[in-house]
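Comments concern the structure below.
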Amino acid sequence: MDKCAIKSCADNFLQSLGVAYNELGTFSYGERFQDIFALVVGLATRECYFVDFGGMHPYNRNNTYLLERVGWRGILAEPNPAFSQDLLSHRNCQIEMVAVDVTPRLSTLHIPMGKRARATLDVIEDIPVSKVQVQVISLDELMLRAGDPPVIGFFSIDVEGGEWDIIRNFPNVFNKALSICVEWGEKREEIYEFLTALGFERVLSELSGVDDWYVKGCILEKFSTRGDLYEKEIKKLAEILSSEALPDPGFSKESRNEQISVFSSIALSQAVLD
């Protein structure tokens, strides 16, 4: 595809994403609607399998809980035992209570006091922490436990600083992905250069905060016609979710509605730019 065609496809993708923010935003559990981003990609590709490591809480600020509720399958890895019972009680996907890194081993998970979501394999010296021994497996091993899925609709990666090492050491796994949400830490440019070399496009970096969102360039071709079909399916998803008994996402209604307005406005305005 030439640059004009790619730009047109990207505009249509953002058009559908803007509609999805408006229609589905109140159902989102992602802090910045990462799950909505994944859902739009899934509508276009029909590839509804996720990989989530560093998943933490089963739904609060979780990027894959909503996907599961609309029929996606997947695997979630989380080493922090503080989340184990809640994950097993509230999630239906495959749960692996392990850390994911480059080298398999037993290691120490450092959990900052009062900030269990910031647990890391790295040594923390400046604040009080609790420590627990955890099993660490490679990403290849996680994929084997998942049954080696040939295509991964959505990758969510948040391992408090280890993202770059994992991405660069397992290119064959990430090449199976259609969309990725990654916390970039100190290696944003390295991650960007690596993933774009694999054919990914970074989108909406002004909205993604400490994450970056990537979509496989070939997936944008699915949006080569106007996004009406996806808009209809987005509205259908909203109807389905309205009838579900979903747990409270935990966001202030007022601030969430304001956030939806901002995200939708930016996505839709980018969709009509030349």
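Cα gyration tensor of region 123-258, axes a ≥ b ≥ c as square roots of the eigenvalues: rounded (a/c below 1.5), prolate (a/b > b/c) or oblate?
Details: a/c = 1.65, a/b = 1.24, b/c = 1.33.
It comes out oblate by the Cα gyration axes.
Throw me the Rg/Rh for the chain, computed over C-alpha atoms with Kirkwood Rh, two decimals.
On the way: Rg = 18.2 Å, Rh = 19.1 Å.
Result for the chain is an Rg/Rh of 0.96.
In square nanometres, what is the average projected area of the Cα convex hull of region 57-182? Please report the intermediate quantities before stating the final value.
Values: hull surface 30.5 nm².
Mean projected area of the Cα convex hull: 7.6 nm².
Quick one: net charge around Ala146, please, counting Lys, Arg +1 and Asp, Glu -1 for every other residue with C-beta under 15 Å from its C-beta.
Numbers: positive: Arg73, Arg91, Arg145, Lys176; negative: Glu47, Asp52, Glu68, Glu78, Glu96, Asp140, Glu141, Asp148.
Charge balance in the 15 Å sphere: -4.
What FRET efficiency comes out for Asn172 versus Arg73 if R0 is 22 angstrom and r is the Cβ-Cβ distance? Round to the nearest 0.05. The partial results should precede the final answer.
Values: r = 21 Å, r/R0 = 0.95.
With a Förster radius of 22 Å, E is 0.55.
Simple spin-label model, 7 Å along Cα-to-Cβ: Glu141 to Ser205 in nm?
Placing both labels 7 Å along Cα→Cβ, they lie 3.4 nm apart.
Principal axes first, then extents: for the Cα atoms of region 173-240, list largest minus smallest coordinate on each axis, whole Å, largest first.
40, 23, 22
Tell me the Kirkwood radius of region 122-192: reciprocal of the mean inverse pair distance over distinct alpha-carbon atoms, in Å.
Numbers: mean 1/r = 0.0719 Å⁻¹.
Result for region 122-192 stands at 13.9 Å.
What is the extension gain from Arg105 to Glu258, computed as 0.36 nm multiplied by their sequence separation minus the C-alpha to C-alpha distance, in nm to one decimal? List each step's numbers first, then the result.
Values: separation 153, 0.36 × 153 = 55.08 nm, distance 4.46 nm.
Length gained, Arg105 through Glu258: 50.6 nm.
Compute the relative contact order of the chain as a whole-number percentage, counting only Cα pairs closer than 8 Å that sit 6 or more residues apart in sequence. Please report the intermediate quantities before stating the final value.
Working: 477 pairs, mean separation 71.1, N = 274.
Relative CO of the chain lands at 26 percent.
Structure shown: which of Lys115/Lys253; Lys115/Lys236; Lys7/Lys232; Lys131/Lys176 lie over 29 Å apart, alpha-carbon to alpha-carbon? Numbers along the way, then the final one.
Values: Lys115/Lys253 24 Å; Lys115/Lys236 38 Å; Lys7/Lys232 23 Å; Lys131/Lys176 34 Å.
Too far apart for the 29 Å limit: Lys115/Lys236; Lys131/Lys176.
None of the figures in this text is laboratory data; all of them are computed from the coordinates on show. Just so it is clear, the structure is predicted and the values come from calculations on it, not from any experiment. Note that each Cβ is placed from the backbone with ideal geometry, even for glycine, and that neighbours are counted across all protein chains shown.
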